[in-house]
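What follows is a single structure, written as structure tokens, with notes after it.
The values are calculated or read from the model by the stated rules, or taken from the named source; none is laboratory data. No experiment lies behind these values; they were computed from the predicted model shown. Methodologically, a virtual Cβ is constructed for each residue, glycine included, from the backbone with ideal geometry; neighbour enumeration extends over all protein chains shown. Heads up: the accessible areas ignore ligands, DNA and RNA and are worked out on the full protein's heavy atoms, side chains in. Shrake-Rupley method; radii C 1.70, N 1.55, O 1.52, S 1.80 Å.
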Amino acid sequence: MGNYFQKDIETMPVEELKKLQSDRLVEQVKHVYANVQFYRERMDEAGIKPEDIKGVEDLHKLPFINKDDLRDQYPYGLLGVPLSECVRIQSTSGTTGRRVVAFYTQDDIDVWDECCARAIVAAGGTKDDVVHVCYGYGLFTGGPGLNGGSHKVGSLTLPMSSGNTERQLQFMEDLGSTILCCTPSYAANLGETITERGLKDKIKLKAGIFGAEPWTEEMRHNIEETLGIKAYDIYGLTEISGPGVSFECEEQAGMHIQEDHFIPEIINPDTGEVLPEGEVGELVFTCITKKAFPLMRYRTRDLCILTRKKCSCGRTHIRMRKPMGRSDDMMVVKGVNVFPSQIETVLLNQGYQANYQIVVDRIGNSDTIEVQVEKTPEMAADTAFDVAAAQKQIVAGLKSMLGIGVNVKVVEPRTIERSEGKAKRVIDKRNLYIG
Ligand code: DLL
């Protein structure tokens with residue numbers, strides 16, 4: 001049987017859990033209706049009053065909200081409390097148009113820390129562990145989330161942030177890190193370096209908590225073997241708080257969603273119809289405890305399956321499978337969310353036409369992304385056109401838009417295959433999603 005951070009809540013009988021969710025949902029609906037004009041207007045338009053929501057069985061009556069709504073309400077439109085009660089923001093990467101800025105009260109941070117603490121304890125963490133956090137810190141939720149969770153558990157926390165592999169390995173060895181938290185691709189990267197240098201005997205890692213991007217079972221086996229650890233998946237998104245919305249227990253068979261804080265639903269992405277347990281659809285979350293940025297029926301665009309099948313760890317919280325894809329065109333490259341439209345914006349702003357292709361691959365354990373774009377006929381006719389300078393300029397534009405390095409190739413007109421239907425802008429050779 002499992003290790004728990006909050007056994008009473010994590011193993012609560014499902015009937016009690018539903019009752020807790022219902023009570024919290026009713027309060028949350030009153031909160032958003034009273035404090036967020038956006039929700040008040042949406043509910044009024046749909047003819048729903050707060051008193052119509054009496055429990056989880058009424059959740060389907062509420063309207064959905066999606067990323068476009070977040071963009072329209074940027075930055076303060078969805079705030080559920082006065083700004084003076086907020087103590088933190090976190091944000092996704094991307095331009096203003098795509099960027100999500102999430103606000104937290106101190107209570108919201110406490111809830112988030114608690115969710116991450118549960119994930120660490122489920123991975124075998126205790127106050128005697130040394131938790132090595134090399135998710136990025138700053139606006140990205142990975143570093144701050146696991147950092148907060150580790151503090152709550154009472155573990156010694158190494159706030160390493162990402163990059164600088166030399167320093168990561170040095171600290172890992174000198175301070176005896178036992179739990180590694182980072183993206184699975186970086187874990188694989190570290191594993192490779194450790195093997196190359198014959199350092200495996202010098203490190204004390206026993207577990208890793210990896211997420212923020214899709215990864216396969218093959219990758220899990222590879223990481224477990226090279227690092228000599230048990231590798232646990234963790235899921236989350238900035239909109240809903242960050243990592244720890246769900247996490248794996250020792251069974252490593254799906255991630256338990258923290259249902260006392262987030263109510264999940266699976267819907268048909270085309271019709272919005274709520275699907276029964278076991279069917280593939282888009283994951284939707286309703287936050288029932290967060291006050292500053294309380295998203296209700298938020299469409300994640302992650303495609304997934306839920307199961308309430310009994311788990312041998314004793315947790316009763318519903319499990320989600322690894323996300324199986326996206327119902328939009330977002331890709332996670334080098335741990336960063338990338339939309340093809342962001343790339344298109346940079347190209348069009350620099351005078352190109354929408355004749356481009358994006359090729360994503362994984363070489364060793366690192367993602368690569370290449371953008372091929374055609375010269376316009378005018379550029380092709382201009383004998384002074386400097387391809388190297390043009391490529392450099394696009395690289396700089398993409399770096400500032402996405403925050404990551406992109407290879408760019410400017411090619412002759414009509415070299416990129418034209419499609420007769422939807423343009424196939426992205427070729428993702430990584431095959432990261434399963435099922
Ligand atoms: O990636 C939060 C996070 C940090 C999760 C650290 C886990 C660990 P965003 O940057 O907002 O937040 O990206 C959220 O990343 O909608 C999924 O598409 C994808 N994603 C997150 N975790 C996983 C995972 C963080 N374990 C988006 N498996 C989500 C597959 C994941 N995809």
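Observations on the model:
- The chain shape via C-alpha gyration tensor axes, a/c threshold 1.5: oblate
- Bridgeable lysines around LYS399 (alpha carbons under 20 Å apart, same-chain partners fewer than 8 residues away excluded): LYS334, LYS409.
- In order along segment 128-143, phi translates into HN-Hα couplings of 8, 7, 10, 9, 9, 9, 10, 6, x, 9, x, 5, 5, 7, x, x Hz, rounded to whole numbers, per the Karplus curve 6.51 cos²θ - 1.76 cosθ + 1.60 with θ = phi - 60° and x for Gly and Pro.
- Percent antiparallel among DSSP beta bridges (both partners in segment 1-328, rounded to 5): 65
- Per-residue ³J(HN,Hα) for segment 36-47, Karplus 6.51 cos²θ - 1.76 cosθ + 1.60, θ = phi - 60°, Hz, x for Gly and Pro: 10, 4, 4, 5, 4, 5, 4, 5, 4, 4, 7, x
- Just the protein heavy atoms count here, and of the accessible area of segment 88-186 at 1.4 Å, carbon and sulfur take up 52 percent.
- For segment 18-84 and segment 98-141, distance of Cα centres in Å: 25
- 17 Å Cα-Cα reach of LYS152 towards lysines, excluding residues that sit fewer than 8 places from it in its own chain: LYS7, LYS127
- Gap separating the Cα centres of segment 279-326 and segment 247-276, nearest whole Å: 2
- Net length available on complete extension from GLU85 to HIS221 is 44.5 nm, with 0.36 nm assigned per residue and the Cα-Cα distance removed.
- Ranking by accessible area, most exposed first, for LYS67, LYS30 with a 1.4 Å probe: LYS30, LYS67
- Computed packing ranks the peptides 166-172, 129-135 as 129-135, 166-172, most packed first, by mean other Cβ atoms within 10 Å.
- Packing around the peptides 390-396, 254-260, taken as the average count of other Cβ atoms within 10 Å per residue, puts them in this order, highest first: 254-260, 390-396.
- Global form of segment 1-127, assessed from the alpha-carbon gyration tensor, a/c cut-off 1.5: oblate
- Peptides 227-233, 114-120, 272-278, 381-387, ordered by how many other C-beta atoms sit within 10 Å of their residues on average, highest first, read 114-120, 227-233, 272-278, 381-387.
- Gyration tensor (alpha-carbon) shape descriptor, segment 331-432, a/c threshold 1.5: prolate
- Rolling a 1.4 Å probe over the protein heavy atoms of segment 325-435, with every protein chain left in place, gives an accessible area that is 50 percent carbon and sulfur.
- Sequence-ordered 3J(HN,Hα) estimates for segment 146-163 from the Karplus curve with 6.51, -1.76 and 1.60 and θ = phi - 60° stand at 5, 4, x, x, 5, 4, 4, 5, x, 6, 6, 10, 9, x, 6, 6, 8, x Hz, glycine and proline given as x.
- Relative contact order of the chain, taken over Cα pairs closer than 8 Å and 6 or more residues apart, is 14 percent.
- Qualifying aspartates and glutamates (Cα of each under 12 Å from Cα of LYS30; at least 8 residues distant if same chain): GLU51, ASP52
- Protein heavy-atom surface of segment 3-50, 1.4 angstrom probe: 49% of the accessible area is carbon and sulfur, with nucleic acids and ligands not counted.
- Calculated mean residue ellipticity at 222 nm for the chain: -9500 deg cm²/dmol, from DSSP H runs with n ≥ 4 weighted as -39500 (n - 2.57), summed, divided by the residue count and rounded to 500.
- The DSSP beta bridges internal to segment 332-425 are antiparallel in roughly 65% of cases.
- The residues of the chain present an accessible area of 43 Å² per residue when probed at 1.4 Å with all protein chains retained.
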